[in-house]
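The values are calculated or read from the model by the stated rules, or taken from the named source; none is laboratory data. Just so it is clear, the structure is predicted and the values come from calculations on it, not from any experiment. As a convention, Cβ positions derive from the backbone with ideal geometry for all residues, glycine included, and neighbour counts pool all protein chains shown. Note: areas computed on protein heavy atoms with side chains; ligands, DNA, RNA excluded. Shrake-Rupley method; radii C 1.70, N 1.55, O 1.52, S 1.80 Å.
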Amino acid sequence: MRSPSITRLYLQCAPGEDLAQWDDARIWAELRERLELREGWRLAEGPILQKGVTPMRSFVAEPMRYGRLFLAGDAAHIVPPTGAKGLNLAANDVRLLAAAFASFYAGKPGELESYSERALKRVWRAEHFSWWMTSMLHRFDRDDPFHAKLQLAQLEYVTTSRAAATSLAENYVGLPFDQDGMA
């Protein structure tokens, strides 16, 4: 949800897909097919505000600093939208960096020196989670029955195991902040 009345939804398509082939009617038909699974439930339709092909890519700059230049957010790491971690990671980077600068100007440079190491703990946890969600929910080779079966096995496990569902929920919602920047 982007607001009480606006939601961002993704449909999988080929990376080089021509957006001209995706008019609003086709998008709503695809969303209804995927989301209207319960008898009597209907998708609330509205204007489509934005269309684009979003690459499923990951990137981490390590270390998250170059001399006196400190990297944060998308300048330091990219996660696919499947895990919904981009903004959370950026906020944590800024939280850590702000505290590190405050300590530095108070005469204690240690937090600034360890910023990258501390931030990367959370970044790699989120990168792994986003990779896992993407590999579980997106078909990259539609002609590969082995990987399709692996995906189904993972989905079944997540939906039938309390431990697996708890792990997914904990990572999706976001782990708590601690003093090492992990979350």
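Pop out the Kirkwood hydrodynamic radius of the stretch 40-183 from its pairwise C-alpha distances, inverse of mean 1/r, in Å to one decimal. Averaging 1/r across every pair of different Cα atoms and inverting gives 17.5 Å. Find the centroid of the Cα atoms in the stretch 118-183 and in the stretch 19-56, then give the distance between the two in whole Å. The two parts, judged by their Cα centres, are 24 Å apart. The modelled label-to-label distance between A90 and Y105, using points 7 Å beyond Cα along the C-beta direction, is 2.3 nm.
Shown is the FRET efficiency for L9 and S114, computed with R0 = 30 Å from the Cβ-Cβ distance and rounded to the nearest 0.05: 0.15.
Helices in the chain, meaning DSSP H runs of at least 4 residues, each add -39500 (n - 2.57). Divided by all residues, the mean residue ellipticity at 222 nm is -15500 deg cm²/dmol.
The Rg/Rh ratio for the stretch 111-154 is 1.28, where Rg is the radius of gyration of the alpha carbons and Rh is the Kirkwood radius. What the Cβ-Cβ distance of E17 and W124 gives, at R0 = 25 Å and to the nearest 0.05, is a FRET efficiency of 0.25. Annotation for the stretch 83-183: chymotrypsin sites (Phe, Trp or Tyr not before Pro) lying in DSSP loop with at most 14 further Cβ atoms inside 10 Å of their Cβ are F140, F177.
With the convex hull drawn over the C-alpha atoms of the stretch 55-106, the volume per residue is 64 Å³. Restricting the stretch 78-183 to trypsin sites (Lys or Arg not before Pro) that sit in a DSSP loop and have at most 16 other Cβ atoms within 10 Å of their own Cβ leaves R139, R142.
Overall dimensions of the stretch 12-92, expressed as equivalent-ellipsoid semi-axes from the Cα gyration tensor (√(5λ), whole Å, largest first), are 36, 16, 11. Computed from the C-beta positions of V60 and A29 and an R0 of 35 Å, the FRET efficiency is 0.40 to the nearest 0.05.
Compared with the direct C-alpha span, the chain from L69 to L43 gains 4.7 nm at full extension, assuming 0.36 nm per residue.
Under the membrane-span-like helix rule (DSSP H runs whose alpha carbons stretch at least 20 Å along the helix axis, mean Kyte-Doolittle hydropathy 0.5 or higher), the chain yields 86-105. When only the Cβ of Lys, Arg, Asp and Glu is charged (+1, +1, -1, -1), the dipole of the chain relative to its Cα centre reaches about 400 debye. Under a Cβ-Cβ cut-off of 13 Å, what is the net charge of the residues other than A20 that fall near it, where Lys and Arg count +1 and Asp and Glu count -1? Every neighbour counted, the sum reads -2.
Each of A119, W132, V173 was placed along the dipole of the stretch 99-174 (beta-carbon charges, centred on the mean Cα), and the one lying farthest toward the positive end is V173. Here the relative contact order of the stretch 18-123, from alpha carbon pairs under 8 Å that lie six or more residues apart, stands at 19 percent.
3J(HN,Hα) couplings calculated from phi for the stretch 44-49 with the Karplus curve 6.51 cos²θ - 1.76 cosθ + 1.60 (θ = phi - 60°) are, in sequence order, 7, 9, x, x, 8, 8 Hz; Gly and Pro show x. In loop segments of the stretch 53-94 as defined by DSSP, there are no chymotrypsin sites (Phe, Trp or Tyr not before Pro) with at most 11 further C-beta atoms inside 10 Å of their C-beta. Estimated at the nearest 10 Å², the accessible area of I48 is 50 Å² with a 1.4 Å probe.
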